[in-house]
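I have placed the structure first, in the form of structure tokens, so that the comments after it can refer back to it.
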Amino acid sequence: MSWKRPIFALATVLLFFGIVEGALWLAGVETLLSRQDPFQGFSDQLRVYELDEPRGLYRTPARAVTHSFNYQQFAADKPDDGFRIFIIGGSSAQGFPWGGASAFTRLLGEALQASWPDRTIEAINAAAMSYGSHRLRILAPELVEYRPDVLVVYGGHNEFVERRFYSDFIERSGQLDFFRGLLYRSRLYSAMAGLYERSVSDETPQEADSWTAGELLGLDVRREYSEDVAEAERRDVREHFRDNLRAIVGIARAAGTRVVLCTVPSNLRDWPPNQSLFDPSLDFEQRQAVLGLLAEARSARERGDATTALTSLERATEISPGYAEIYFLRGKALEDLGRWEEARRAYVRARDLDAQPGRASSELNETIRRVAAEEGTLLVDFEKSFEESSSNGLVGFELLEDYVHPKPEGHRLIARELWSVFQQEGLLGEVRSADAAEFERALDESRFGAAGAANESNPSWLFNLAVVLEKQGLVEQAIEKYRACVRIDPGYYVAYFNLGRLLFGQGRYAEAAAMHRRALEVQPDYVRAMVGLGEALRRIDRAADAERVLKRAIELDPGSAATWGSLGGVLSQLGNQVEAEAAFQRAVELDPRDAGARADLGYTLLYQGKLDEAEALFRAALDLRPEELRARNGLAAVLTESGELDEAERIFRENLVANPEDAFARGGLAEVDKRRKGG
């Protein structure tokens, strides 16, 4: 029969691959799925919890605990008297840096168990490091399968994390998910991928020959904050955040699960904005005027003259009303004068204008309130609770470890507020009063205090302390804490990276390279460490090695503008201006708002004698950021070559006023003088 031949052929092929898969299984070849998610966590192909049938429970697998989740376990069959709560959010809910034992999930569970001794209370911490609402939305369908009674959503700080990655997820074809999943379950495919990784690694520098150890688990987030965030992107983020919250509520409601939405507090008084942006319409002189007024304000505060500081800041606000740092300094001056409510409003404004957002803005918290009202879900307003519990209503280091992560006292406050809502709203079936003394008895220090203790032997605590010290400008102390962190936990690759970054900033390039290598020994595909290593190597005259490192980084992440920019710098240093031009051009295409990338491309064109193209690039960079001194120097250099010496001199002199240590501008003035003399 004609149909027998193709069926026999298909059966033969399937039998062959079955034998190969079996042989590889016996040989101990692991599947890629055991190490990483083909969809980087954006699918249902990997789950956060796995069934342990012999023990009759679900538990967090090792791959999820490595970087992102706390280990948790709960009954596979929910008890008849059970009451199950899942908490989702980012690292603030996860418990970083103190650990899950100190997080409000455990505190809430213990308090409820003490209040309801006849019920089996399960409070499960499903929060994960750096998780934004888009990941929480993907996580929610799995969680409702476990029949939770209540889902608590505590998030809003991470909406600007991994924005490029999120866009890739939106644009990918979900129809191929099933086939990707099959490939990652195949040991033959996994073995072939391993061989490919090893072949690629042969092209890398000798010191990086361990980079093939694997990739970050797809459930983990690679933090990549958006920078230069303008109103259009903020609006886009708010819309996505609103849609994600609504979707999470809908998923839970369809499963019969109650939802509690929470606003999230952030450090206002003790954490300055990460990035301040000038109004695009301001020219170089206006921007320099604002910076001068900020310097005057700082000097006045140091003299104890807050009133004069406010006057300078008001003048700065008139010139550039959207510059975040103005409002942070205004908050400090108002605090000096005891004008607490005005200071709070100034700090809030500084946070909300931060162009590299790492804290939940007023608009995001207001979105949470609005969605709760529209969807008819319970709301706990922790932003207000933290203000009410802070001195003079100014949230700072009293309750927060850094910019957003609660201290144990902060976690206790969150747990108490949630416990009160559960009691008063009758979420366990009976409305009860919320006696604060009962909550405190349930969390008697003799039972819980030791679990929440942080000390110098806690690597996460040391890491976070280093971040705080760095933010306060105490770089040497931060370096010391990062070193202590990696002594205790040699696998803390982000601490190695931060060490390398700080050492690089001090001009200690060989030491910086060593730290980035250590980060890559632990996490071989950590692209940021590759970029850091490449930049350090080029500073110690090892540009050829840097080129190999950066090309490997681009293989791993071809969409990184920063990596292309670093490669362009190395190629230019090697004298390969044509390839450097192509690399810088790619960086500009990937991030059109990066004035520095346009300036880099302009210099490469200048070195090739393409004066008109270079001038256009420098002017485009200055349209984006008029205070970009490298672009101004580049433009002045082009003007010098074109014979426009008066204009070139003016720009060089202005640059020296802005930065008296600017050697390029000083050399440019000398060249202008030489040409005027006919040299």
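Just so you know, all these numbers are worked out from the coordinates, no wet-lab data involved. It should be emphasised that the depicted structure is a prediction, and the values quoted were computed from it without experimental measurement. With ideal geometry, Cβ positions are generated from the backbone for all residues, glycine too; neighbour counts draw on all protein chains shown.
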What do you get for Rg/Rh over segment 67-110 if you use C-alpha atoms and the Kirkwood form of Rh? 1.00
Take the alpha carbon gyration tensor of segment 294-429, find the square roots of its eigenvalues, order them as a ≥ b ≥ c, and report rounded if a/c is under 1.5; if not, report prolate when a/b exceeds b/c, else oblate. prolate
Any chance you could check the Cα centroid distance between segment 544-617 and segment 251-272 for me, in angstrom? 42 Å
Once phi for every residue in segment 489-505 is put through the Karplus expression 6.51 cos²θ - 1.76 cosθ + 1.60 (θ = phi - 60°), the whole-Hz ³J(HN,Hα) values, with Gly and Pro written as x, are 10, x, x, 7, 5, 5, 5, 4, 4, 5, 4, x, 5, 5, 5, 4, x
What is the set of long-range amide H partners of residue 407 at a cut-off below 5 Å, with H atoms built 1.01 Å from backbone N? 400, 401
Just subtract the alpha-carbon distance of residue 227 and residue 437 from 0.36 nm times their residue separation and send over the number in nm, one decimal. 71.0 nm
Going by how many other beta carbons lie within 10 Å of each one, how would you line up 557, 435, fewest first? 435, 557
Count charges around residue 387 for me, please; just the other residues with Cβ under 10 Å from its Cβ, Lys/Arg as +1, Asp/Glu as -1. -1
Sequence order, segment 521-533: Karplus ³J(HN,Hα) from phi using 6.51 cos²θ - 1.76 cosθ + 1.60, θ = phi - 60°, Hz rounded, Gly and Pro as x, gives 5, 7, 10, x, 10, 6, 4, 4, 5, 4, 4, x, 5
Shape of segment 284-353 from its Cα gyration tensor (a ≥ b ≥ c, root eigenvalues): rounded if a/c is under 1.5, otherwise prolate when a/b > b/c, or oblate? oblate
Would you please give the residues with an amide H less than 5 Å from that of residue 52, counting only those at least 5 places away or on a separate chain, with H modeled from the backbone geometry? 57, 58, 59
How much net charge surrounds residue 486 when only the other residues with a Cβ under 12 Å from the Cβ of residue 486 are counted, with Lys and Arg +1 and Asp and Glu -1? +1
In sequence order, calculated HN-Hα J values of segment 49-56 (Karplus, 6.51, -1.76, 1.60; Hz; x Gly/Pro): 10, 10, 7, 9, 4, x, 8, x
All other residues with a Cβ under 13 Å from the Cβ of residue 425 taken together, and with Lys, Arg as +1 and Asp, Glu as -1, what is their net charge? -1
At 7 Å along the Cα-to-beta-carbon direction for both residue 75 and residue 659, put a label point, then send me their distance in nm to one decimal. 6.5 nm
Between residue 510 and residue 647, what is the label-to-label distance in nm when each label sits 7 Å out along the Cα-to-Cβ direction? 4.6 nm
Considering all projection directions equally, how large on average is the shadow of the alpha-carbon convex hull of segment 584-679, in square nanometres? 5.8 nm²
Which of 78, 384 comes first, and how do the rest follow, when ranked by fewest Cβ neighbours within 10 Å? 384, 78
State whether segment 469-578 is rounded, prolate or oblate according to the following rule on the C-alpha gyration tensor (a ≥ b ≥ c being the square roots of its eigenvalues): a/c under 1.5 gives rounded; otherwise a/b larger than b/c gives prolate, and the remaining case gives oblate. prolate
Length released on extending from residue 254 to residue 307, taking residue separation times 0.36 nm less the Cα-Cα span: 13.4 nm
Using a 10 Å cut-off around each Cβ, can you sort 83, 397 from fewest to most neighbouring Cβ atoms? 397, 83
Amide H of residue 378: which non-local residues (sequence gap of 5 or more, or other chain) have their own amide H closer than 5 Å, using H built in the peptide plane? 259, 261
